[in-house]
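Remarks on the structure that follows.
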Amino acid sequence: MTYDVAIVGGGPGGYTAAEEAASRGLSVVLFERDLVGGTCLNRGCIPTKALLHDATPRASFTEMHARKQAVVDQLRDGIEKLLKQRKVTVVRGQACITSPSIVECGGQAYEARDIIIATGSVPTSIPVPGIDLPDTYTSNDLLEGEGVMLSSLVVIGGGVIGVEFATMYAQLGTRVTILEATERILPPLDREIAQRVTMHLKKRGVKVEASARVMGIEGEPGAMQVHYTDRRGNQGVAEAEGVLVACGRRANTEGLFSPAVQPELSRGALVCDEAGRTSEEHLWAIGDVVAGTIQLAHVAEAQARNVVAYICGDEPPVEMGIIPSCAYTSPEVASVGLTADEAKARGIAVRTSKALTGANGKCLVEESESGFVKLVADAETGAILGAQLVCPRATDLVAELALAISLGCTATQITRVIHPHPTVSELVSSAARALVC
Ligand code: NAD
């Protein structure tokens with residue numbers, strides 16, 4: 001069997017590439033060993049957001065997980081139908097790339113002119129004693145099936161996964177402790193965002209221990225102890241029914257290549273150029289499996305659309321320089337473009353402005369927790385270079401600011417656009433007005 005394109009992995013990168021390639025008239029085969037939809041749909045973005053939506057102290061944990069599953073199943077069904085409509089051949093099983101034009105799966109060889117690797121990532125572990133004890137979980141364990149209800153939880157890692165799980169379990173009434181190795185949670189985001197999220201987590205009773213060095217885990221089922229050293233070098237113990245390890249994810253390339261195909265790897269991740277070419281001709285990679293990539297579903301989808309364009313000899317349709325990032329805390333946080341500190345580090349003179357939720361009608365009506373929209377603009381031209389948001393629906397609002405940055409809009413141009421009232425989006429126009437005054 002010969003195809004134009006073979007795709008290994010059916011997550012957001014893989015299924016978008018399949019759909020895009022097929023809609024351009026290419027014949028496509030897609031290999032998936034588990035469920036179409038990948039981490040994002042089956043044990044990542046979608047299930048966490050469904051659970052976060054429903055989590056309250058009175059919520060039924062069983063019903064929460066049942067609704068989560070219904071949402072996941074509906075979306076997966078949609079993807080499967082779309083792939084069928086586009087006449088993509090879906091092959092179930094573990095695929096192995098045996099040459100830059102052959103994928104083997106289930107004892108059969110499939111030939112393709114180009115191969116796109118979209119095998120994603122898996123949770124990383126940390127080298128401390130006790131990490132394999134039974135009540136030590138990954139995000140996969142807590143999201144799949146009926147979940148795990150816990151009266152207390154220690155989260156190791158205060159990145160996006162750690163903070164979202166801490167938010168969800170705290171909403172259920174679980175006693176949560178976050179142990180974060182660096183000096184603040186959500187380390188890549190703006191300092192002020194981290195401070196605000198820390199404040200809101202603490203208000204909900206979450207203990208946030210930054211600059212914590214985890215030394216080991218001990219205990220028996222239901223009574224775990226995580227030993228750590230705090231910022232002052234003192235020994236601490238965080239006790240809980242369960243432990244979530246959320247210390248990042250690593251590229252999933254295990255068993256993917258036969259000895260005849262050895263593309264360049266960096267710590268197990270595929271080294272690619274900007275177009276997504278690996279070191280082997282006609283072998284491309286997209287999404288979390290790529291070395292140095294930002295591990296986000298929307299990045300994988302954008303890379304998928306671009307890679308298919310490159311394969312067809314076309315210009316890439318998506319600009320990869322402006323990538324919004326979001327965390328579904330309460331309130332939500334989002335960020336796009338440069339922070340003031342990043343601009344400073346690059347020698348760019350900037351002006352910043354901030355609109356506070358306390359002065360926004362919709363936020364007051366909704367009794368939302370305190371937050372802000374902060375804009376970073378070029379001091380000379382007024383062009384918007386970045387935005388950091390902590391407010392209700394920040395993860396939706398950030399799209400307007402990504403568009404503004406992409407189009408080179410100035411703060412003045414944003415003030416010319418009427419923002420509806422009363423909405424949270426008025427925080428954007430208020431912050432823009434503060435920049436031009
Ligand atoms: P991450 O890299 O965002 O955060 C991991 C955190 O763990 C970091 O803050 C790191 O300093 C800390 N850490 C590492 N080792 C530690 C140790 N031994 N002790 C204590 N802390 C330690 O990784 P993640 O939160 O696991 O998420 C994985 C990927 O998935 C990320 O790229 C993330 O962007 C993506 N993701 C995105 C979303 C979203 O967009 N809303 C949601 C979930 C995951």
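The values are calculated or read from the model by the stated rules, or taken from the named source; none is laboratory data. Predicted, not measured: the structure shown is a model, and the values here were computed from it. Positions of Cβ are generated from backbone atoms using ideal geometry, with glycine treated the same way; all protein chains shown enter the neighbour counts. These area figures cover heavy atoms from the full protein model, side chains too; ligands, DNA and RNA do not enter into them. Shrake-Rupley method; radii C 1.70, N 1.55, O 1.52, S 1.80 Å.
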Those helices (runs of 4 or more DSSP H) completely within region 41-143 that have 3 or more residues that are away from the ligand (no atom under 16 Å from the Cβ), open to solvent by less than 20 Å² (accessible area, probe 1.4 Å) and modelled with pLDDT of 95 or more are 61-85
All-but-one check, Thr381 against (1) among the β-branched types (Val, Ile, Thr); (2) buried (at least 21 other Cβ atoms within 10 Å of the Cβ); (3) in a loop (DSSP other than H, G, I, E, B), failing number (2)
Got at least one residue in region 424-432 being open to solvent by 20 Å² or more (accessible area, probe 1.4 Å) and either over 16 Å from Ala334 (Cβ atoms) or aliphatic (A, V, I, L, M) (or both)? yes
Of the residues in region 308-331, those that are open to solvent by 40 Å² or more (accessible area, probe 1.4 Å) and either touching a strand residue (DSSP E or B) at 6+ places or on another chain (Cβ under 7 Å) or within 30 Å of Ala170 (Cα to Cα) (or both) come to Ile323, Tyr328
Residue hits (region 281-306; in a loop (DSSP other than H, G, I, E, B), among the acidic types (Asp, Glu) and within 12 Å of the ligand (Cβ to nearest atom)) are none
By residue number, the members of region 168-180 that are away from the ligand (no atom under 15 Å from the Cβ) and under 30 Å from Lys354 (Cα atoms) are Ala170, Gln171
Picking from Glu218, Glu183, the residue that is within 14 Å of the ligand (Cβ to nearest atom), at pLDDT 95 or above, out of contact with any Leu (no Cβ under 6 Å at 6 or more places or on another chain) and farther than 14 Å from Val155 by Cα would be Glu183
Within region 144-182, residues being assigned to a helix (DSSP H, G or I) and touching a Cys at 6+ places or on another chain (Cβ under 7 Å) number 0
Exactly one of Glu220, Glu209, Glu164 is closer than 26 Å to Val148 by Cβ and touching a Gly at 6+ places or on another chain (Cβ under 8 Å), and that residue is Glu209
Within region 228-269, of all residues that are more than 23 Å from Thr167 (Cα to Cα) and among the acidic types (Asp, Glu), the one surrounded by the fewest Cβ atoms within 10 Å (Cβ to Cβ) is Glu254
query: Mind checking whether some residue in region 255-275 is under 26 Å from Gly25 (Cβ atoms) and in contact with a helix residue (DSSP H, G or I) (Cβ under 7 Å, 6 or more places away or on another chain)?
result: yes
